[in-house]
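Below you'll find the structure, written out as structure tokens, and then a few comments.
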Amino acid sequence: MTIQWLGHACFKITHRGYTVLIDPYNSSYIPGYPRLRTTADRLLVSHEHYGHNYREGVTLSGRPERDCPFAISAMEVPHDGLYGALRGSCLIHILEADGMKLVHMGDIGMQLKDADAARIAGADVMMITAGSCRALPAQEVLAQMEAAAPKVVIPMHYRDGKRGSRRLERVENLVDLLESTELVRYYDTDTIEVTPDTERQLAVLKYMG
């Protein structure tokens, strides 16, 4: 399956010719990104903030859900460190197909524990904020990564050049916390193909516009 980063927290995930899009951004509220115009077979939104819910930018194909190769589930988590008192909640989406598990962490604001932590543990792919003023800071992101032990981590929702809020951390804030940078891979494309044989890595995808 392929995973394409469209910027901010937005991804296209394609498997068996079916595309799921997660968290389309509204460029009017996310500095530096152009207006989003894309297509998908299914749309998922983690929460109703403008950086994640721009449904108007997505044209859906109209294919029936029975065509979807993914088993999709979600769990509600706090968007901030005060159990949602500041920013409410958001959804973590879990997509499973052919023995593989992908997790989009949304704007998670607290470390997961117990049963919630078990649901994402050992994921093949985790898409997680690199450090956010509105979600987990980089140090807490690293702790969540280490606890969940995903095979592939794709950072998202960070300050990328002039793209994204100045209050967001840069991806380097997360990379610099790693004990070893041997697993960090900087891609020259916005897309990664993931199989059961994909090597463990932190995959920094390149925004392609």
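Report relative contact order for the chain in percent, whole number only (criteria: Cα-Cα under 8 Å, sequence separation at least 6). Could the numbers behind the result be given before it?
Numbers: 489 pairs, mean separation 37.9, N = 209.
It comes to 18 percent, rounded to a whole number.
For region 26-181, with only Lys/Arg (+1) and Asp/Glu (-1) charged at the beta-carbon, what is the dipole magnitude about the Cα centre, in debye rounded to 20?
Values: 18 positive and 20 negative charges, 136 e Å.
The calculation lands at about 660 debye.
Dividing the alpha-carbon Rg of region 23-72 by 2.2 N^0.38 Å yields what?
On the way: Rg = 12.2 Å, N = 50, 2.2 N^0.38 = 9.7 Å.
Here the Cα radius of gyration is 1.25 times the empirical estimate.
Work out the FRET efficiency for residue 67 and residue 183 from their Cβ-Cβ distance, taking R0 = 35 Å, and round it to the nearest 0.05.
Values: r = 35 Å, r/R0 = 1.01.
FRET efficiency, residue 67 to residue 183: 0.50.
So which residue, out of 185, 66, 37, gets the largest mean-square fluctuation from a GNM of the chain using Cα contacts under 10 Å as springs?
Of 185, 66, 37, the most mobile in the Gaussian network model is 66.
Taking the chain as a Gaussian network, where each spring joins two C-alpha atoms under 10 Å apart, which residue of 109, 122, 99 fluctuates the most?
Maximum fluctuation in the GNM of the chain, among the listed residues, is at 99.
Just subtract the alpha-carbon distance of residue 201 and residue 115 from 0.36 nm times their residue separation and send over the number in nm, one decimal.
Details: separation 86, 0.36 × 86 = 30.96 nm, distance 2.54 nm.
Taking residue 201 through residue 115 to full extension adds about 28.4 nm, to one decimal.
Quick one: Cα convex hull volume of the chain, Å³ per residue?
Values: hull volume 23.7 nm³, N = 209.
Taking the convex hull of the Cα positions in the chain, it is 113 Å³ per residue.
Using each residue's phi in region 128-136, evaluate 6.51 cos²θ - 1.76 cosθ + 1.60 at θ = phi - 60° and report the 3J(HN,Hα) Karplus result to the nearest Hz, with x for Gly and Pro.
9, 4, 7, x, 10, 5, 10, 8, 5
Could you calculate the contour length gain from residue 60 to residue 193, that is, 0.36 nm times the residue separation minus the distance between their Cα atoms, to one decimal place in nm?
Difference between extended and current length: 45.6 nm.
Report the full-extension gain for the segment residue 166 to residue 37: residue separation times 0.36 nm, less the Cα-Cα distance, to one decimal in nm. Mind dumping the intermediate values first?
Working: separation 129, 0.36 × 129 = 46.44 nm, distance 2.40 nm.
Extra length from residue 166 to residue 37 when fully extended: 44.0 nm.
On a straight-distance basis, which lysines could pair with residue 162 in a cross-link, Cα separation under 22 angstrom, same-chain partners fewer than 8 positions away excluded?
Qualifying lysines at Cα under 22 Å: 206.
What does the helix-only formula give at 222 nm for the chain: each DSSP H stretch with n ≥ 4 adding -39500 (n - 2.57), the total divided by the residues, and the result rounded to the nearest 500 deg cm²/dmol? Kindly include the intermediate steps, with their values, before the conclusion.
On the way: 3 runs with 23 residues, N = 209.
Counting only the DSSP helices, I get -3000 deg cm²/dmol.
Report the per residue volume, in Å³, of the convex hull enclosing the C-alpha atoms of region 1-96. Can you show the working numbers first?
On the way: hull volume 9.9 nm³, N = 96.
Roughly 103 Å³ of hull volume per residue.
How big is D for region 89-139, in µm² s⁻¹ as a whole number, if Stokes-Einstein is applied with the Kirkwood radius of its Cα pairs at 25 °C and 0.890 mPa s?
Numbers: Rh = 11.6 Å.
The diffusion coefficient I find is 212 µm²/s.
Any read-out appearing in this document is the output of simple, stated calculations on the displayed coordinates, not a laboratory observation. Please read all numbers here as calculations on a predicted model, not as lab measurements. FYI the Cβ positions are ideal-geometry reconstructions off the backbone, even for glycines, and counts take in every protein chain you see.
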